[in-house]
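*Asks:* Please read through the structure below; I'll follow up with questions.
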Amino acid sequence: MHRLTRRLSVAAVALAAAVALAPGTAAAANATGTSQAAVSAAYSCDMNLRGGYWYAGWYDGMTAVPRADIVTAAGIEAQCQLRETGYYAGAIDGYFGPQSQAAMKEFQRHINKVHSVGLAVDGWPGPQSWPWLRR
């Protein structure tokens, strides 16, 4: 998948989702697969190209592994990168949970298929996956 030529602010997407959910109930949020808390906790992705790699402004490294149980800068960054490449459509909330992990596995499978690099398809960005995720 290619990077989007038009970069939309994740905040605008989250705002649209929040507006869509506002008249509804928690059931409406559950129907979309997004909790109302996740929509309100969404972070923005300010994508910038530096030295041949894309950065969203939350984490500049290539080694941290995000966590599913707490918000991390690496989690926000990885979700931004996955959204930018078209693999993730969930909230940018920094929790690298099942939806984020599934998107990362799909991304890793794609990179392995196209580039034959042998990334571990484990659903976690790490030292081998970050450079590919940032391209």
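*Asks:* Would you mind counting up the charge near LEU119? Only other residues with Cβ under 15 Å from its Cβ, with Lys and Arg at +1 and Asp and Glu at -1. Let's see the in-between values first.
*Replies:* On the way: positive: LYS105, ARG109, LYS113, ARG134, ARG135; negative: GLU106, ASP122.
Taking every other residue near LEU119 into account, the sum is +3.
*Asks:* Starting at 0 and stepping by 10 Å, how many percent of the alpha carbon pairs of segment 51-135 end up in each bin?
*Replies:* In order of increasing distance, the bins hold 20, 59, 20, 1 percent.
*Asks:* Further, regarding this structure: For a Förster distance of 22 Å, can you work out the FRET efficiency between the beta-carbons of VAL121 and THR63, rounded to the nearest 0.05? All intermediate terms of the calculation are to be shown ahead of the outcome.
*Replies:* Numbers: r = 19 Å, r/R0 = 0.85.
My answer for the efficiency is 0.70.
*Asks:* Same structure again: Quick check: net charge around ARG50, other residues with Cβ under 14 Å of its Cβ, Lys/Arg +1 and Asp/Glu -1?
*Replies:* Details: positive: ARG134, ARG135; negative: ASP46, ASP60, GLU77.
Summing Lys/Arg as +1 and Asp/Glu as -1 gives -1.
*Asks:* Please report the spacing between the Cα centers of segment 44-87 and segment 105-135 in Å, no decimals.
*Replies:* 14 Å
Only the coordinates and a few stated rules stand behind these numbers; no lab work does. For clarity, every value in this text was computed on a predicted model and none was experimentally measured. Cβ atoms come from the backbone with ideal geometry, glycine included; neighbour counts cover every protein chain shown.
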